[in-house]
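Have a look at the structure below before the remarks.
The values are calculated or read from the model by the stated rules, or taken from the named source; none is laboratory data. All values reported here derive from a predicted model rather than from experimental measurement. Cβ coordinates were reconstructed from backbone atoms using ideal geometry, including for glycine residues, and neighbour counts include every protein chain displayed.
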Amino acid sequence: MTEVIELILALMLAVAALALLARKFQIPYPILFVIGGLALGFIPRLPHLHLEPELVFVLFLPPLLYPAGLFTPWRDFRDNLRPIMWLALGLVLFTTVVVAWFAHQFLNLPWAAGFVLGAIISPPDAVAATAITRTLSVPRRIIAIIDGESLANDATSFTAYRFAVAAAVTGAFSLSKASLTFLLVGTGGILVGLIAGYIAANVQRRLDDPPVQTTISLLTPYGTYLAAEYVHVSGVLAVVVAGLYLGWRSPETLTSRTRLVVQAVWQMVVFVLNGFLFILIGLQLPDVVHDLSGHTLGRAISYALLIVALIIIVRIIWVYAVAYMPRAFVGKHRSKFPPWKNVAIVSWAGMRGVDSLAAALAIPLVINNGSPFPERGLIIFITFCVIFGTLVVQGLSLPAIIRWLKITDDHALENEERHARLHANRAALEKIIQHAKQKNINGHSLDRLRTEYQDRIQQLTEHENDEGDSKLSVYAPEYEELSRQALAEERKAILHLRNQSVINDQVLRRIQKDIDHAEVRLEKHDSDFEL
């Protein structure tokens, strides 16, 4: 037991160290995690850690998929549903079939094992896409399509993965039966997700206890997934739908202090799980390489390189075909062709990530007759190479390609935020004046609050027509500078009092909390879930 605890602590330390390096070199952390996991495979005498395949699936997938849905902008997802579905449904199934055919023809994998490999590596990853694209200056619609695809494609790929694994384990497969079952488990997964989301939202609405509500939020994806699996429908789709539903309802069901805690907790959970999975595969790489079933390491690497090239080419062809071919047959829509540069970015943003890794590690060890799962080691090895290749090649090159194509941000997010803040502050000021008249409130309190809102409105109005060319701010620059100086001096003063034993630590933390909140209000943060 002591060895296990020491190993977990060492893994957490490795995750933190890699994240610090990622921040230092300004590299999205999934890229450094996959490099770090690969490096671990070459360190001799590291402990070998083995997890039950089904445990990997249940333990890691629900908490990775749920926050992706929870913090996805529903309006952007809905407005771009057509291209998202072409990618999340059509491209995933097409890639799965192409990879399965290639693996069967050229790698001599059985058809079922080929479909398992195809289903595993077909979906781009939500966490990887978000981590890489959130810092890029591109039109908002591109980000919405990439993020939406990465969210929805997991339901398609993991459902196909379940069928492929079942076919490999049992040796039986019927396309007509599988197609009908695919429809049923998908529909059932949506229903279970909506029911689970409705129940969770109504429970959360009746509470005002951040620790309890955070615990409920952490348990929601597990409960949803297990409930869906119990009735034999798609647990993955149920978790995604529950996340989308609760993400839409959370502004109404959660209090402000609970929202702050829940978002911070989910950021930590996703970050730690990502790091753990990549490091776990690093610890298992020696065994995976040893279990290549007669394939030499050089040949396995050549197979992986071919498949990386294949899935990149398949994505480029599919994205351009879907973007232009349907419109080409309808003359009146020719003028509505999307800019080829935007299509190029979407076609190149196919980074695979931790979801594929979890699926690969969840492959059963044996099939029904007691034999080892066909080519399990080779499938896991190729999956890791695909993740490594797409994250490093596509992830690192994407910013350079955007600069080369001279794609710029449309500032849609900033413009919407400015409009919303201006509307909210005007409504608040009107309510203040109205309430003061009703309650006959005058004097310093009214003047102070009215001045603060008037200052925000003036600041937002001055930048209302700049189309996002300058930094959005709700306070005048001079006000921000003076406020920061004052808050820093407040913090310094109370620390001095604590150090002189004039106040105790409990009093310090109370005052410091107010100072921290005031300081955060001065900062401009994205409202998105940042990883």
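When you scan segment 461-493, how many residues do you find that are at pLDDT 80 or above and of a type outside the set (S, T, N, Q)? Step through it out loud before you land on a result.
Filtering segment 461-493 for residues at pLDDT 80 or above gives 461, 481-493.
Now restrict to residues that are of a type outside the set (S, T, N, Q): 481-482, 484, 486-493.
Number satisfying all stated conditions: 11.
Considering only residues of segment 406-423 that are among the hydrophobic types (A, V, I, L, M, F, W, C) and surrounded by fewer than 18 Cβ atoms within 10 Å (Cβ to Cβ), which is modelled with the highest pLDDT?
Once the filter is applied, the top-ranked residue is Ala420.
Among the residues of segment 153-174, is any over 19 Å from Ile120 (Cα atoms) and either crowded, with 21+ Cβ neighbours inside 10 Å or outside the structural domain of Val354 (by TED's automatic domain parsing) (or both)?
no
Give Leu59, Leu40 a once-over and let me know the one that is at pLDDT 80 or above, surrounded by 12 or more Cβ atoms within 10 Å (Cβ to Cβ) and under 29 Å from Val366 (Cβ atoms). Can you show your working first?
On the way: Leu40 fails: at pLDDT 80 or above.
Only one candidate passes the filter, namely Leu59.
Would you check if His496 is out of contact with any helix residue (DSSP H, G or I) (no Cβ under 6 Å at 6 or more places or on another chain), at pLDDT below 75 and surrounded by 11 or more Cβ atoms within 10 Å (Cβ to Cβ)?
Taking the combined requirement at face value, the residue does not satisfy it.
Among the residues of segment 384-392, is any small (Gly, Ala, Ser) and touching a Lys or Arg at 6+ places or on another chain (Cβ under 9 Å)?
Among the residues of segment 384-392, at least one is small (Gly, Ala, Ser) and touching a Lys or Arg at 6+ places or on another chain (Cβ under 9 Å), which makes the answer yes.
Just to verify a result, which residue in segment 58-80, among those that are in a helix (DSSP H, G or I) and aromatic (Phe, Trp, Tyr), is farthest from Ile143 (Cα to Cα)?
Phe60
Provide a single number: the residues in segment 349-404 that are without any contact (Cβ under 8 Å) to a residue 60 or more places away in the chain, of a type in the set (Gly, Ala, Ser) and not in a helix (DSSP H, G or I).
Total satisfying the criteria: 2.
Which members of segment 276-323 meet the condition of being hydroxyl-bearing (Ser, Thr, Tyr) and within 11 Å of Ile382 (Cβ to Cβ)?
First, the residues of segment 276-323 that are hydroxyl-bearing (Ser, Thr, Tyr): 293, 296, 302-303, 320.
Those that are hydroxyl-bearing (Ser, Thr, Tyr) and within 11 Å of Ile382 (Cβ to Cβ): Ser302, Tyr303.
It is to be established whether one or more residues within segment 191-199 are farther than 12 Å from Val233 by Cα, in contact (Cβ under 8 Å) with a residue 12 or more places away in the chain and surrounded by 23 or more Cβ atoms within 10 Å (Cβ to Cβ).
For segment 191-199, residues farther than 12 Å from Val233 by Cα, in contact (Cβ under 8 Å) with a residue 12 or more places away in the chain and surrounded by 23 or more Cβ atoms within 10 Å (Cβ to Cβ): present.
Taking only pairs six or more apart or across chains, which ones have beta-carbon atoms under 6 Å, a first residue in segment 9-31 that is surrounded by 19 or more Cβ atoms within 10 Å (Cβ to Cβ), and a second residue that is not in a helix (DSSP H, G or I)?
Taking only residues 6 or more apart or on different chains, the pairs are Pro30/Gly353.
Suppose the filter is in a helix (DSSP H, G or I), assigned by TED's automatic domain parsing to the domain that holds Gly223, in contact (Cβ under 8 Å) with a residue 12 or more places away in the chain and out of contact with any Cys (no Cβ under 8 Å at 6 or more places or on another chain); does Leu55 pass it? Reasoning before the result, please.
Working: in a helix (DSSP H, G or I): yes; assigned by TED's automatic domain parsing to the domain that holds Gly223: yes; in contact (Cβ under 8 Å) with a residue 12 or more places away in the chain: no; out of contact with any Cys (no Cβ under 8 Å at 6 or more places or on another chain): yes.
When the stated conditions are applied, Leu55 does not pass them.
Please enumerate the residues belonging to segment 218-243 that are assigned to a helix (DSSP H, G or I) and surrounded by fewer than 24 Cβ atoms within 10 Å (Cβ to Cβ).
Going residue by residue through segment 218-243, those that are assigned to a helix (DSSP H, G or I) are 218-230, 235-243.
Selection gives Leu218, Leu219, Tyr222, Gly223, Leu226, Ala227, Glu229, Tyr230.
Kindly indicate whether Phe115 is over 26 Å from the mean Cα position of the chain (by Cα), under 26 Å from Val169 (Cα atoms) and touching a residue at least 12 places away in the same chain (Cβ under 8 Å).
Taking the combined requirement at face value, the residue does not satisfy it.
Given the conditions (1) of a type outside the set (Val, Ile, Thr); (2) closer than 26 Å to Ala119 by Cβ; (3) outside the structural domain of Ala113 (by TED's automatic domain parsing), and given that Ala428 satisfies all but one, which numbered condition is not satisfied?
(2)
Keeping to segment 244-264, report how many residues are surrounded by 16 or more Cβ atoms within 10 Å (Cβ to Cβ), of a type outside the set (Val, Ile, Thr) and in a helix (DSSP H, G or I).
Going through segment 244-264 one residue at a time, the tally reaches 8.
Out of the residues in segment 200-215 meeting the condition of being of a type in the set (A, V, I, L, M, F, W, C) and crowded, with 17+ Cβ neighbours inside 10 Å, tell me which one is nearest to Leu254 (Cα to Cα).
First, the residues of segment 200-215 that are of a type in the set (A, V, I, L, M, F, W, C): 200-201, 203, 207, 212.
Next cut, crowded, with 17+ Cβ neighbours inside 10 Å only: 200-201.
Values: Ala200: 11, Ala201: 9 Å.
Among them, the one singled out is Ala201.
Assuming Leu292 fulfils every condition listed in (1) in contact (Cβ under 8 Å) with a residue 12 or more places away in the chain; (2) assigned to a helix (DSSP H, G or I) apart from one, which condition is it?
Among (1) in contact (Cβ under 8 Å) with a residue 12 or more places away in the chain; (2) assigned to a helix (DSSP H, G or I), Leu292 violates only (2).
Taking Gln284 as meeting all but one of (1) free of Cβ contacts under 8 Å to residues at least 24 places away in the same chain; (2) crowded, with 20+ Cβ neighbours inside 10 Å; (3) of a type in the set (S, T, N, Q), write down the number of the exception.
(1)
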